[in-house]
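Values in this text are rule-based calculations from the coordinates and carry no lab data. Model, not experiment: these values are computed from the prediction. Cβ: placed from backbone, ideal geometry, glycine included. Neighbour counts: every protein chain shown.
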Amino acid sequence: MPVVVVANPKGGVGKSTMATNIAGYFASRGHSVMLGDADRQQSSRLWLGLRPPGARPVASWDIGPDNIVKPPKGTTHVVLGTPAGMHGRMFRDVLKMADRVIVPLQPSVFDIFATRSFLDEMAEHRKATQMHVGIVGMRVDERTIAADKLHEFVDSLGLPVLGYLRQTQNYIQLAARGLTLFDVAPGRVERDLQQWHGICRWLEAK
């Protein structure tokens, strides 16, 4: 049972957007998916409450910031969102459980500096495990200097860059209805789905 963790120590980088869309992707593939949220804000739980009955099911994994437990039997895929500033016991417990960690990262000097030490810490853990780590650029405008700086940073990490997602209202509008890119007609979100191809291949890789 793959457990995909979405993590970044900085708030507001798009962790909930990433976690909900990964859950939506797994559900679209016919998997039995659970979505958990270790953040006190419980954004993913709010999203699940908005999800319409006709959408492919995504179950809620009832966990809290101080209660990281194994998911129940019958689940085939798990997605876990994490809080900003995750450290200490929670950090260790989450990484023990994770098969894959996606780190969403915005093209901002503050995000880059905040994420560097986090990635260094994960690298130490990764050496002793089979955990895979991937980076996703969030709200990236490829025409900006900030995007160039983000490219330079991720090139220095030695970690795979799974894709760069553009700034678009599609994520906001779909989230407000409890939906993802994978719940609507592909023609409506074709450009965004193209940006997810690399992420989806990485999620499915053995």
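Neighbours of R177 by Cβ distance under 15 Å: Lys/Arg scored +1, Asp/Glu scored -1, total +2. The stretch between D148 and S28, if pulled fully straight at 0.36 nm per residue, gains 39.8 nm over its current Cα-Cα span.
Hey, with R₀ at 35 Å, roughly what FRET efficiency would R116 and Q173 work out to, going by the Cβ-Cβ distance, to 0.05? Efficiency for this residue pair is about 0.60. Taking every DSSP helix (H) stretch of at least 4 residues in the chain, weighting each as -39,500 (n - 2.57) and dividing the sum by the residue count yields a mean residue ellipticity at 222 nm of -12000 deg cm²/dmol.
Taking the Cβ of each residue in D93, D148, D37 as the centre, tally the other Cβ atoms inside 10 Å and list the residues starting with the fewest.
D148, D93, D37
Of R139, R29, R177, the residue with the greatest mean-square motion in the GNM of the chain, using alpha carbon springs below 10 Å, is R29.
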